[in-house]
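Reviewing the structure listed below.
A short reminder: the numbers here are calculations on the coordinates, not readings from a lab. Since we're looking at a predicted model, the values are computed, not measured. Don't worry about glycine lacking a Cβ; one is built from the backbone with ideal geometry, like all the others, and counts go over all protein chains shown.
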Amino acid sequence: MNTVDRPYLCDICDKAFTTNGTLTRHQRTHMGEKPYLCNVCDMSFANKGSLKTHYRTHTGERPYPCDICDKTFATSGTLTIHQRTHTGERPYPCDVCNKAFATNGTLTIHQRTHTGERPYPCDVCDKVFATNGTLKIHQRTHTGERPYLCDICDLSFASRFNLKSHRRTHMGDRLYLCDVCNKTFAQSEDLIYHHRTHSHQHPLFSTDAPIKDTMLSICIVL
């Protein structure tokens, strides 16, 4: 550590900073102090920069454009992550299986598949989850909340994934192909049950086969 270039030292975690102001802002992460209040929704933040970024959720401002496609972003960080979808860059490798990820956050979530860690418990039942997002989706089974609305038939769903799957029934997207008769289906579950009509032709599709094993064997995505 070069204490000449970074003379301001945090007495809690030993991080060093170039100015007293940046040290002060950093120390708020330890103290939980959030003196910058949003005057729209009353959320509070540890520094002015975070408040400014948050305001964009209200104004819709997205000042960071992608120079490859026409998408725009609220922060330079989210732009950088997006650009990796174009470049294919995955700078965060898993030290267990060597699979690589575009963000440190997705790496952390992936590593829980190795460790079994599920740090997000449901406060209603005893289920635990690996991510905050999956916990929120689960909690909707208790609250009945279905915030994802189909704009064609007005059915609503607890998750974006379920809405996307449902929309295929309107749009004619049939991504799951039967490799016996070439019939296609919008849902993998429909393909699984359809394959049972071929059970007399192929032992793989026996009605005695466990659904999970059958799914792994026969779901072909175009």
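Which residue pairs have Cβ atoms under 6 Å apart, sit 6 or more places apart or on different chains, and have a first residue in the stretch 54-65 that is more than 12 Å from C41 (Cα to Cα) and a second that is part of a helix (DSSP H, G or I)?
Short answer, once both residue conditions are applied: Y64/S76; Y64/L79.
Can you name the residue in the stretch 1-22 that is aliphatic (A, V, I, L, M) and either in a strand (DSSP E or B) or closer than 30 Å to T59 by Cα (or both) and is also farthest from the chain's Cα centre (by Cα) among such residues?
L9
Out of all the residues in the stretch 136-158, which are of a type outside the set (K, R) and assigned to a loop (DSSP other than H, G, I, E, B)?
If the condition is that a residue be of a type outside the set (K, R) and assigned to a loop (DSSP other than H, G, I, E, B), then G144, E145, P147, C150, D151, I152, C153, D154, L155, A158 are the ones that fit.
Could you tell me which of the residues N20, N39 is touching a strand residue (DSSP E or B) at 6+ places or on another chain (Cβ under 6 Å), without any contact (Cβ under 8 Å) to a residue 24 or more places away in the chain and either loosely packed, with under 13 Cβ neighbours inside 10 Å or within 29 Å of R112 (Cα to Cα) (or both)?
Only one candidate passes the filter, namely N20.
Mind checking whether some residue in the stretch 171-193 is assigned to a helix (DSSP H, G or I), more than 25 Å from I137 (Cα to Cα), out of contact with any His (no Cβ under 6 Å at 6 or more places or on another chain) and of a type in the set (S, T, Y)?
Yes, there is a match, as at least one residue in the stretch 171-193 is assigned to a helix (DSSP H, G or I), more than 25 Å from I137 (Cα to Cα), out of contact with any His (no Cβ under 6 Å at 6 or more places or on another chain) and of a type in the set (S, T, Y).
Going by what's in this entry, would T103 be described as under 19 Å from the mean Cα position of the chain (by Cα), under 27 Å from P35 (Cβ atoms) and surrounded by 13 or more Cβ atoms within 10 Å (Cβ to Cβ)?
Spelling it out, it is not the case that T103 is under 19 Å from the mean Cα position of the chain (by Cα), under 27 Å from P35 (Cβ atoms) and surrounded by 13 or more Cβ atoms within 10 Å (Cβ to Cβ).
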